[in-house]
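Below is one structure, written out as structure tokens, with a few remarks after it.
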Amino acid sequence: MPKLLSRVVWSVALTCVGASLAPAWSQGLTVGVVKDGPSIEDELVLRIEAELRTMLPAGSSIRFKSDPAFDAGWDHARAETVLRNALRDPETDVVLLVGALVLEQAARPDVQLTKPVVSTLDQRVDMLDIPRSPEGRSRKRNLSFLLIPGDAVRAISQLQDWTPFETLHVAIEKLWADNLAVLQTGLQAFEDSLGVALRVLPVADDADAALAGVGSDVKLVALGDTPRLQTSERRRFIEGLTQRGVATISLKGHEDVELGAVVAWSPNLDRNVARRVALNIHQISRGVPVDSLPVFLSESSQLLVNARTMTDLGYPISTRLQAFASFTDVLEEEAPTLTLAQVYQEASVGNLTLQVTTEDVEVARQEANISRSFMLPQINTRATYRDIDPRGLEGILPRRTADVGFQVDQMIYDDEVVSGYRANKRLEEGARFEREAVRQDVAAQAGVLFMQFVQARALNRVEADNVELTRENLELAKLRFDVGYSGRDEVFRWEAELANRRSTLFDSQSNLESSRIVLNQFVGGDQSRRWIPEEVTVSPDTFPFLGGRLDEIWDNADLWNRFREVAVQIALENSPEVAAVETGVSAQTIILNQAKRRYFLPKFTAQFQYDYDYWRDPDVDIPRDLYQLRLGAFYPLFEGGRRVHEVGQFSAGLRGLQHEQQLTRDLVERRTRTALRLIEASFPRIDFKETASENAFKNLELVQDKYTQGIVNVTDLLEAQNQNFTSTQAAVASVYVFLSDLIDFQRSLSWLEEEKTQQEKDEMVDRIRTQIGAP
């Protein structure tokens with residue numbers, strides 16, 4: 001998105017200035033570069049020169065003159081001299097100031113500027129005392145400078161919202177801190193306004209020397225301009241502060257966050273400064289008075305946080321911060337990666353619904369074991385006491401006895417018991433099929449939830465990108481306002497839109513976390529667990545099922561029609577639901593056939609019994625132990641019509657199961673055909689939605705161009721941005737809708753691709769190609 005703003009800025013600039021004006025310097029333009037000393041700002045000068053060359057008409061002569069006489073060499077005493085040298089130089093048409101020392105001299109009331117002087121220093125309105133009008137124009141004759149509307153007090157006070165502090169150390173160029181009286185006065189005013197102590201941490205050209213001045217009392221550093229500190233040294237300085245447990249807050253911009261600073265509130269302004277300075281020189285070259293040039297340079301409020309540094313220093317990352325800030329790194333960078341295959345595996349182990357079904361299998365297994373136990377020997381022991389009335393058998397039978405004994409019963413053959421065991425074994429097998437059906441449902445649902453989470457993550461990025469685009473359009477509106485091409489109302493409109501987009505982003509983040517929690521709960525894991533999902537991509541050019549090896553079948557209508565029938569056949573063969581009902585039919589058939597055999601088949605049993613009288617009163621002369629062995633055959637002669645009714649009952653149950661079997665097959669077929677129709681719609685939709693998104697983006701570019709030219713209004717640009725946003729959302733969502741449909745199709749086949757080995761995938765491809773007759 002940043003290229004949009006970059007591409008249109010000069011359209012605004014050239015439209016405002018008017019490219020047809022005749023140059024004031026027909027012989028060429030010479031810009032004398034006056035600077036505090038050698039610094040990293042030399043690159044800014046090169047950027048200004050490059051920008052200026054793009055504005056001037058073809059063939060225009062322009063020269064940036066650098067001369068030792070224009071370089072103060074980081075000597076405050078020479079600042080006035082080098083400025084005077086440039087003003088007196090006959091070759092110099094415009095003086096370009098690089099640094100605060102030379103700008104301070106140019107802004108002095110007693111210094112007469114005989115040539116246009118343009119400063120590159122972007123400063124807060126309350127930092128340097130340079131006269132300006134309420135309309136935002138320079139009151140110093142021939143002096144053009146840049147002011148950031150937000151004052152430094154407000155910028156520093158924002159730190160208090162992030163982390164309360166009593167003392168803030170401000171790291172800034174040493175010579176500026178030592179020699180700019182207005183800066184020292186300003187720091188005192190800041191202390192009075194903020195109610196905190198501000199201490200200067202001077203920085204020259206060496207990170208180690210600067211770090212040597214960091215005492216144990218330093219806890220928070222606001223890092224400002226350090227022009228003599230090269231980028232590598234600035235990084236070392238920030239890293240050294242972090243190692244000491246000191247948080248670095250950048251007052252310059254986002255580049256410092258990339259170097260390791262904790263946070264910055266706005267992007268670096270170097271690009272905007274280069275363009276504005278080049279534009280100012282360009283207008284001066286066309287005869288525009290210096291005192292009519294705007295001095296205010298809009299600053300974007302775009303919070304950027306280095307999450308790793310922040311957490312390393314022990315600062316919490318609040319929900320509000322996550323909603324309003326961008327991050328240089330992913331917050332969950334250390335979290336493990338989660339793949340679709342892992343989701344299937346975790347759900348198949350931890351899902352509680354599946355665990356309930358697993359216990360149902362155990363119940364069925366124990367039921368079968370119980371029925372089997374009746375086929376095994378039944379051994380019972382007993383101890384009895386008898387009080388008998390002999391009735392004339394006195395002396396032969398004892399009146400009272402106490403005995404112990406045991407009895408062994410063994411079924412020789414009992415068709416009801418055997419058939420019950422066989423039926424229960426089939427029902428146990430059916431329970432396993434039912435569990436597999438539930439497992440596949442759980443795995444597929446977990447896969448869909450995984451896709452929903454990945455989709456929520458992708459849509460969250462789309463929301464974040466839209467916030468960024470809104471912010472860029474706000475910057476464009478500010479630029480138009482700065483150069484006098486539009487009113488403040490457009491800025492307010494985009495600021496309101498940005499607030500709304502941030503609110504929507506906050507909702508999106510909430511939805512993302514909710515999706516994570518739902519998935520964690522469903523797979524039976526810790527609901528607070530964090531992980532990074534494996535990104536899933538789909539090319540609209542290749543049908544992705546089975547690694548894209550069915551793509552030519554997808555592109556051939558005749559082969560695809562045959563594939564539908566093969567898919568139904570595979571689904572019916574693999575379906576655990578069909579298998580579960582079939583086992584139920586088998587079990588019911590066993591019970592019915594046994595009921596019919598009861599008409600002619602008795603049951604056979606054997607019994608052995610042993611008893612021993614260990615106490616008698618009175619004792620008599622008969623054996624104390626008794627043995628019995630019985631073999632029996634039992635056949636019911638009349639049971640009140642029970643056998644007839646049972647046969648009728650079991651026959652009706654079997655017919656019901658047979659109807660259920662056919663219904664289950666029909667439902668499996670319907671599910672397969674429906675899933676196929678869904679992917680036949682959702683897969684090509686990816687291409688259509690991506691095309692719509694691309695065209696919406698192109699339309700946004702055109703509308704943005706027209707907006708810069710004043711052809712369309714802010715409402716048109718908002719509508720184009722919203723169309724681009726919704727189209728991008730739809731393109732992202734279409735991928736995950738298809739992937740969810742593909743998971744549902746694989747579930748209808750009872751064949752989840754991510755669970756299969758490469759050999760099983762190869763066999764499936766070979767089977768499909770063979771059965772449909774693919775070449």
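Can we say ARG598 is open to solvent by 60 Å² or more (accessible area, probe 1.4 Å) and not acidic (Asp, Glu)? When the stated conditions are applied, ARG598 does not pass them.
Among the residues of region 79-110, write down those that are out of contact with any helix residue (DSSP H, G or I) (no Cβ under 6 Å at 6 or more places or on another chain), assigned to a loop (DSSP other than H, G, I, E, B) and not charged (D, E, K, R). Across region 79-110, the qualifying residues are PRO90, GLY99, PRO109.
Give the residue that is nearest to the chain's Cα centre (by Cα), with candidates limited to residues of region 601-620 that are open to solvent by less than 40 Å² (accessible area, probe 1.4 Å) and not small (Gly, Ala, Ser).
Taking the candidates together, the pick is PRO602.
Against the conditions (1) open to solvent by 20 Å² or more (accessible area, probe 1.4 Å); (2) in contact with a strand residue (DSSP E or B) (Cβ under 9 Å, 6 or more places away or on another chain); (3) not acidic (Asp, Glu), GLN509 satisfies every one except (2). Exactly one residue out of GLY59, GLY18 is open to solvent by less than 50 Å² (accessible area, probe 1.4 Å), small (Gly, Ala, Ser) and at pLDDT below 90: that is GLY18.
I'd like the full set of residues that are of a type in the set (A, V, I, L, M) and in a helix (DSSP H, G or I), limited to region 684-725.
Within region 684-725, ILE686, ALA692, ALA696, LEU700, LEU702, VAL703, VAL714, LEU717, LEU718, ALA720 meet the criteria.
Residue under question is GLN662, and the condition is that it be in contact (Cβ under 8 Å) with a residue 24 or more places away in the chain and within 25 Å of ALA587 (Cβ to Cβ); does it hold?
Numbers: in contact (Cβ under 8 Å) with a residue 24 or more places away in the chain: no; within 25 Å of ALA587 (Cβ to Cβ): yes.
Judged against the criteria, GLN662 is not a match.
Checking each residue in region 383-399 for being open to solvent by 70 Å² or more (accessible area, probe 1.4 Å) and in a strand (DSSP E or B) picks out ALA383, TYR385, ARG386, ASP387, GLU394.
What about THR589, is it in contact (Cβ under 8 Å) with a residue 24 or more places away in the chain and open to solvent by 40 Å² or more (accessible area, probe 1.4 Å)? Yes; evaluated as a whole, the condition is true for this residue. A single entry from ARG655, ARG598 fulfils the requirement of being basic (Lys, Arg) and at pLDDT 95 or above: ARG655. Return yes when SER373 is under 15 Å from GLY420 (Cβ atoms) and of a type outside the set (Asp, Glu) and no when it is not. So SER373 fits the description; yes. Among the residues of region 281-307, those identified as more than 44 Å from the chain's Cα centre (by Cα) and of a type in the set (S, T, N, Q) are GLN283, SER285, SER292.
Looking only at region 517-566, which residues are over 18 Å from the mean Cα position of the chain (by Cα), open to solvent by less than 50 Å² (accessible area, probe 1.4 Å) and β-branched (Val, Ile, Thr)? Of everything in region 517-566, those that are over 18 Å from the mean Cα position of the chain (by Cα), open to solvent by less than 50 Å² (accessible area, probe 1.4 Å) and β-branched (Val, Ile, Thr) turn out to be VAL523, ILE553, VAL566.
Of all the residues in region 62-92, those that are small (Gly, Ala, Ser) and open to solvent by 20 Å² or more (accessible area, probe 1.4 Å) number 4. For ARG677, state whether it is closer than 22 Å to GLN445 by Cβ, without any contact (Cβ under 8 Å) to a residue 60 or more places away in the chain and not aromatic (Phe, Trp, Tyr). Spelling it out, ARG677 is indeed closer than 22 Å to GLN445 by Cβ, without any contact (Cβ under 8 Å) to a residue 60 or more places away in the chain and not aromatic (Phe, Trp, Tyr). Of the residues LEU663, LEU637, LEU667, the single one that is farther than 21 Å from LEU550 by Cβ and not in a helix (DSSP H, G or I) is LEU637.
Only one of the listed residues (LEU626, LEU657, LEU637, LEU676) is over 30 Å from LEU739 (Cα atoms), out of contact with any strand residue (DSSP E or B) (no Cβ under 9 Å at 6 or more places or on another chain) and surrounded by 11 or more Cβ atoms within 10 Å (Cβ to Cβ). That residue is LEU657.
Hey, among ASN424, ASN473, which residue is crowded, with 20+ Cβ neighbours inside 10 Å and within 30 Å of ASN380 (Cα to Cα)?
Sole residue among the options that is crowded, with 20+ Cβ neighbours inside 10 Å and within 30 Å of ASN380 (Cα to Cα): ASN424.
Of the helices (runs of 4 or more DSSP H) lying entirely inside region 293-359, the ones with 2 or more residues being at pLDDT 90 or above and in contact with a strand residue (DSSP E or B) (Cβ under 9 Å, 6 or more places away or on another chain) are found at 340-350.
If you go through region 400-413 and pick out every residue that is touching a helix residue (DSSP H, G or I) at 6+ places or on another chain (Cβ under 9 Å) and surrounded by 18 or more Cβ atoms within 10 Å (Cβ to Cβ), you end up with 0. For region 619-655, residues that are closer than 30 Å to VAL404 by Cα and aromatic (Phe, Trp, Tyr) total 2. Every condition in (1) farther than 23 Å from VAL578 by Cβ; (2) crowded, with 22+ Cβ neighbours inside 10 Å holds for LEU459 except the one numbered (2). Per the conditions (1) of a type in the set (Val, Ile, Thr); (2) over 29 Å from SER144 (Cα atoms); (3) touching a residue at least 24 places away in the same chain (Cβ under 8 Å), the sole criterion not satisfied by VAL273 is (2).
Taking region 478-581 and the helices (runs of 4 or more DSSP H) fully enclosed by it, the elements with 3 or more residues that are closer than 30 Å to GLU719 by Cα and of a type in the set (Phe, Trp, Tyr) are at 488-522.
The values are calculated or read from the model by the stated rules, or taken from the named source; none is laboratory data. These numbers come from a predicted model, not from an experiment. Note: ideal-geometry Cβ built from the backbone for every residue, glycine included; neighbour counts use all protein chains shown. To get the accessible areas, we keep the full protein, side chains included, count just its heavy atoms, and leave off ligands, DNA and RNA. Shrake-Rupley method; radii C 1.70, N 1.55, O 1.52, S 1.80 Å.
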